Amino acid sequence: MLSRSSFTSLVVGVFAVYVVHTCWVMYGIVYTRPCPRVAAAGSGAAGCVWPYLARRPKLQLSVYTTTRSNIGAESNIDLVLNVEDFDIESKFERTVNVTVPKKTRNNGTLYAYIFLHHAGVLPWHDSKQVHIVSPLTTYMVPKPEEINLLTGESATEQIEAEKQTNALDEPVSHWRSRLTLNVMVEDFVFDGSSLPADVHRYMKMVQLGKTVHYLPILFIDQLSNRVKDLMVINRSTTELPLTVSYDKISLGKLRFWIHMQDAVYSLQQFGFSEKDADEVKGIFVDTNLYFLALTFFVAAFHLLFDFLAFKNDISFWKKKRSMIGMSTKAVLWRCFSTVVIFLFLLDEQTSLLVLIPAGIGAVIELWKVKKALKMKIKWQGLRPKIQYGTYNDSEKKTEEYDAQAMKYLSYLLYPLCIGGAGYSLLNVKYKSWYSWLINSFVNGVYAFGFLFMLPQLFVNYKMKSVAHLPWKAFTYKAFNTFIDDIFAFIITMPTSHRLACFRDDVVFLVYLYQRW
């Protein structure tokens, strides 16, 4: 069997190989090898695919809408935007009003057809036009209505709420209010024998004389379609705003964006919801590429430290036979707070990127409570019987310090938690009484939870020792705490959860001071 040190080295080695492999794959995505025969034969090089945009054609951009996913002619389509003398180098943003057909208002779909064609020629009469299709609608379950639990709502609001509740679990059509377009503007000459598969599916080839040209590569940035921009389509709505924005894009970024969109699509195929996929989109859209690279390395190290912290924490508690110097109250509180935070994140429909680690942490904390209380579960038929172990004199002394610290804390903690719960009940709207209860608990955990870490500090002070603490796990958790500070700005999460990341820094610094 592998020793613990060799197993950790193996994990770190696999992690290093994974990071190097990922960097190599990313380099292969961003860098594209040009046609090697251009330098030798010039513009007449055989086997090379040349950019049609290098001929500087006069172009026009047209955006149409239709309820059909395939169109063969100009029938049953509406022109919503026409940009004559379209300049591929100039970015723009325009908002237009789109007529919503009755079929779309009845929970149907509406498509946008974007054409890039020669100026003065209709798209279906231009053999060198390029087009791309994108749905302007998507299906999502509406967010539940929040109400004041004490005052309720008026009769009109009650009727509307009942209507919404009846169809609460049914996905309804939502309007995508943004359409982001890109054109690859580099005069890049591709090698016809090794075209990148990701870009190839967006390319349309034409033969001009003895050379092959690829027409302008038109691309729709689906990553910019965020959940926060979605609007529910009501049956009474006849027009909705659509913001069409355009910007040029380089070949490297285009290839990277195509891979990222494919990755988000794969997540949805594996069962991730629209909201979960939206959190991933936010990481790419709301940050620049350099910060995105930093985010990747930060996330990779966070994953490594998470694994090592869990491993060492489990190993420490697995060997733990005595609670001397360990605050049982702190263990119970950590378990309670971790479970409450998990239920809160579940109620808020937080990203799985945050939810899954919180769920694993809750399971581990429950197991640690079983160890701390020396619980044994024996089955008498189908009925479980719980037995508790006994404490020796040293453990009883630790419990006395623990109880003394909790006595002082209760004078401050309980009034603050009860007062905060009462204030939120009077002034904040919630989806249900369960939602209020979970929010009240979690606000107490986030705002005053660090106070429950003080009993362990008090026990350390009284015993003049920190040797009983799991310092390896603490070290990995300390690294992750500071990494969480960075994640707090990158991943979408409730504000209270974000503030708690910074709160934990103070506690770890105090532990380090005591060790010193």
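The values are calculated or read from the model by the stated rules, or taken from the named source; none is laboratory data. Worth saying up front: this structure is predicted, and the values here are computed from it rather than measured. When we count neighbours, we look across all protein chains shown, and the Cβ atoms used for this are built from the backbone with ideal geometry, even at glycine. Heads up: the accessible areas ignore ligands, DNA and RNA and are worked out on the full protein's heavy atoms, side chains in. Shrake-Rupley method; radii C 1.70, N 1.55, O 1.52, S 1.80 Å.
Please find the FRET efficiency linking N234 to N76, where r is the Cβ-Cβ separation and R0 is fixed at 22 Å, and quote it to the nearest 0.05. Efficiency computed from Cβ-Cβ geometry: 0.40. Distance between the 7 Å Cα→Cβ label points at R105 and E186: 4.7 nm. Only protein heavy atoms count here; under a 1.4 Å probe, I418 has an accessible surface of about 120 Å². Accessible area per residue was computed with a 1.4 Å probe on protein heavy atoms; L355 scores about 20 Å².
Note down the nm distance, to one decimal, between modelled labels 7 Å out along Cα→Cβ at Y408 and at L346. Roughly 3.7 nm, to one decimal.
Residues S127, S432 ordered from highest to lowest accessible area at a 1.4 Å probe: S127, S432. With every protein chain in place and a 1.4 angstrom probe, the accessible-area ranking of M26, M323, largest first, reads M26, M323.
Close amide-amide hydrogen proximity is noted between V141 and V172, each under 5 Å apart and 5 or more residues distant or on a separate chain (H modeled in the peptide plane; Pro and chain starts excluded). Placing dummy labels 7 Å off each Cα toward the beta-carbon, the span from R68 to R94 is 2.6 nm.
Put simply, the amide H of T237, placed in the peptide plane, has no neighbours under 5 Å, leaving out anything fewer than 5 places away on its chain. For the set Y52, Y290, solvent exposure ranked by accessible area (probe 1.4 Å, protein chains only) runs largest to smallest as Y290, Y52. Calculated FRET efficiency, S250 to M205, Cβ-Cβ distance, R0 = 22 Å: about 0.55 to the nearest 0.05.
Sequentially through the stretch 388-398, phi angles give Karplus couplings (6.51, -1.76, 1.60; θ = phi - 60°) of 10, x, 9, 9, 7, 5, 5, 5, 5, 5, 4 Hz, Gly and Pro residues having no value and appearing as x.
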